[in-house]
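Read the figures in this text as sums done on the coordinates, not as results from a lab. Just so we're clear, the structure is a prediction, and the values are computed from it rather than from any experiment. Using ideal geometry, Cβ is built from the backbone for each residue, glycine included, and neighbour counts are taken over all protein chains shown.
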Ligand code: HEM
Ligand code: HEM
C-alpha cells in the first residue's frame, strides 16, 4: 500500500514537462476507458434477457450526471487515441524526439478542436 502511494506520488513529481503529463494522462485515460468498457459490456449483456430488461436500465444513461461522465469518456477515448498515435509515431521515427514538446502541443490542438464541440453538443441538453 505504502509502496503504491509512493509510486503515485513520484509519478506526479517527475518533472518531464509536456511529455510527462501526456504520459500520466495516457495511463489515466487508458484505465478510465477500460473501466467504462467493463460497465458497457455488462449493460450490453442485459440484451440477452430481452428488450424489457435492457430498457429498464436505460434511465441510467439518460441521467444528467451520466452526460457529465460522457464528457470524460469522450475526452478519454479521444486523448488516448491521439496520444497513442503520437507514441506510435515516435516509436517508428525516434528522430522526431527532438521535436517532442512541439508534437505534444500539436496533439493538444487536435484534441481541443474535436473535444470542445463534442463536449458542447453533449452538455447542451442540460441547459435546455
Ligand atoms: C456512450 C457511448 C456508447 C454508446 C451509446 C454505445 C452503444 C452500444 C450499443 C447499443 C451496443 C450494442 C450493439 C449491438 O449489439 O447491436 C454496443 C456494443 C459494444 N460497444 Fe459500445 N457504445 C458506446 C461507447 C463504446 C466505447 C467507448 C467502447 C470501447 C471502449 C465500446 C465498445 C463496445 C463493444 C466492445 C461492444 C460489443 C460489440 C458486440 O458484442 O457486437 N462502446 N455499444
Ligand atoms: C485508437 C485506439 C488506441 C490507440 C492508438 C492506443 C495506443 C496505445 C499505446 C501506443 C499504448 C502504449 C503507451 C506507451 O507505450 O507509453 C497504449 C497503452 C494503453 N492503452 Fe491504448 N490505445 C488505443 C485504445 C485503447 C482502448 C480502447 C483502451 C481501453 C479499453 C486502451 C487502454 C490502454 C491501457 C490501459 C494502456 C496502458 C497504459 C500504461 O501502461 O501507461 N487503449 N495505448
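Determine, for 8, 103, the number of other Cβ atoms within 10 Å of each Cβ, and report the residues in order from fewest to most.
8, 103
Taking a ≥ b ≥ c as the square roots of the eigenvalues of the alpha-carbon gyration tensor, segment 39-96 is classed oblate because a/c is 1.5 or more while a/b is no larger than b/c. Put simply, the C-alpha atoms of the chain give a gyration tensor, and the ellipsoid matching it has half-axes of 33, 19, 15 Å, longest first.
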